[in-house]
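This report refers to the structure that appears directly beneath it.
The values are calculated or read from the model by the stated rules, or taken from the named source; none is laboratory data. Quick caveat: nothing in here was measured; it's all calculated off a predicted structure. Here the Cβ positions follow ideal geometry from the backbone for every residue, glycine too, while neighbour counts run over all protein chains shown.
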DNA sequence: TGAAATGTTGGGGCG
DNA sequence: ACGCCCCAACATTTC
């Protein structure tokens, strides 16, 4: 039997349900990747994302080559391209792992129909999550909207099922490359219309595993405190790998739990807290599956102040936020880290999001969009869920008056300003005393450090105290009918 | 996975 | 010795 394995957001060999099934059932396998032309043309994602993806594909292609299989690639509209490839290669069956974004569900449905018309079977698999939305339901069968309830059910299910990752296909596969025994080299970023960009996170399945092993041996056991300090390497930084599927959540969770039984200094609470973050990921995936409309708007309309009207001031504020020159060092450091590396520390993501929504009073969807364009780990469900959480519009109750104080957060989590100094070089010479609120520096100190407010470093766009009061007052007014 | 305002308690300085 | 005030430290409430 001849099967196509359609690779999408699962660029790995280990614990790959679709690939494993194909290896079992077929004597001829053709792996295929389709560059989504409309998406690439729309410049929906930044050059860093495309570079990372190409890096992952390079490694995938060589891992497949070691097993005697050639990764085929096409460029076009994915649905039509896959259907056409199946016809060309006379495939009997197409394998792929499921996705849960509304638009992708729709598209995959069409592919399935078109294949059926040609007499080609389609087999799809659960991969992207440990448990799909339908597997975690409340007593009434309804989706759970509270994270705490969802987590309880999720862990119960984990204990019940105890998922075990699948092994990678062995090096000596009993399959033939068959009709597709050669392929042109993978494109370069320029071929896809993107600039080459520096990669700050190593792509590929091998790097993902190495990073996971490193994390699980050390930092995971101090995660509860370590995760809040952006200046240290205290988080797994695996999110880009989860996004492109160079690592499976089952593998990550199994290995994290496995670390509890070996080693001298292990911490159950820290390990579980880290896994909790992956459960959040599944929670948001489930919310998107159960309520697809969240992709385009708030889950619930809440009484929060209206966003600033589009206009000169808002545009100026928004641009300053994007470029990391708001005059709030921790916010600027975060945005510049994002712009430079395609990744931002999670504590800082919360700070910049709160700042955009509550201090600048700009609609959360603008922030959501910017993150999607610039984050290597951009995932519709997680990104949308977290922004809705910050904005107070999500499923999980979150009151509108939870407002971060940037200076306070900065002092708490970056006390020496190490993180700020790394990404905001003009503040590097400023002493720790002033680095969180440089605009409070006396002029003499500004001169001494060579960092004059309004010259080398911007004055604050808004006054946090006033912005906070304004936000709360406007919220109160709106509550009244 | 807030922050600020408000309340409570207890120690110490001081008249 | 005593009451009074101040303030830090902590807890609770409110936005």
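For residues that are within 19 Å of residue A:361 (Cα to Cα) and surrounded by fewer than 22 Cβ atoms within 10 Å (Cβ to Cβ), scanning just region A:390-403, find the one that is farthest from DNA strand B (Cβ to nearest atom).
A:393
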Residue among A:137, A:75, A:121 that is more than 22 Å from the chain's Cα centre (by Cα) and closer than 30 Å to residue A:389 by Cα: A:137
Considering residues of region A:248-276 that are within 16 Å of DNA strand B (Cβ to nearest atom) and free of Cβ contacts under 8 Å to residues at least 40 places away in the same chain only, the residue farthest from residue A:15 (Cα to Cα): A:272
Any hit, region A:346-358, residues being away from DNA strand B (no atom under 16 Å from the Cβ), over 20 Å from residue A:281 (Cα atoms) and in a helix (DSSP H, G or I): no
Members of region A:376-411 found to be without any contact (Cβ under 8 Å) to a residue 40 or more places away in the chain and either farther than 22 Å from residue A:471 by Cα or part of a helix (DSSP H, G or I) (or both), listed by number: A:383, A:387, A:389, A:408, A:411
Given (1) more than 16 Å from DNA strand B (Cβ to nearest atom); (2) farther than 23 Å from residue A:7 by Cα; (3) part of a loop (DSSP other than H, G, I, E, B), number of the condition residue A:158 does not satisfy: (3)
Among (1) more than 30 Å from residue A:24 (Cα to Cα); (2) surrounded by 15 or more Cβ atoms within 10 Å (Cβ to Cβ) - the single one residue A:225 does not satisfy: (2)
Index of the failed condition, residue A:328 passing every other in (1) under 18 Å from the mean Cα position of the chain (by Cα); (2) surrounded by 21 or more Cβ atoms within 10 Å (Cβ to Cβ): (1)
Residue count for region A:200-247, restricted to those that are within 16 Å of DNA strand B (Cβ to nearest atom) and under 15 Å from the mean Cα position of the chain (by Cα): 6
Matching residues, region A:440-472, being within 16 Å of DNA strand B (Cβ to nearest atom) and in contact (Cβ under 8 Å) with a residue 24 or more places away in the chain: A:460, A:462, A:464, A:467, A:468, A:470, A:471, A:472
Failed item, numbered, when residue A:418 is tested on (1) more than 16 Å from DNA strand C (Cβ to nearest atom); (2) touching a residue at least 60 places away in the same chain (Cβ under 8 Å); (3) in contact with a helix residue (DSSP H, G or I) (Cβ under 7 Å, 6 or more places away or on another chain): (3)
Every residue from region A:412-459 that is surrounded by 20 or more Cβ atoms within 10 Å (Cβ to Cβ) and part of a loop (DSSP other than H, G, I, E, B): A:414, A:417, A:424, A:430, A:436, A:441, A:451
Index of the failed condition, residue A:137 passing every other in (1) without any contact (Cβ under 8 Å) to a residue 40 or more places away in the chain; (2) in contact with a strand residue (DSSP E or B) (Cβ under 9 Å, 6 or more places away or on another chain); (3) surrounded by 15 or more Cβ atoms within 10 Å (Cβ to Cβ): (2)
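Of these, A:96, A:154, which one is in contact with a helix residue (DSSP H, G or I) (Cβ under 7 Å, 6 or more places away or on another chain), in the same structural domain as residue A:32 (by TED's automatic domain parsing) and buried (at least 20 other Cβ atoms within 10 Å of the Cβ)?
A:96
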Unique residue being within 16 Å of DNA strand B (Cβ to nearest atom) and either at pLDDT below 95 or not assigned by TED's automatic domain parsing to the domain that holds residue A:322 (or both) when the list is A:415, A:406: A:415
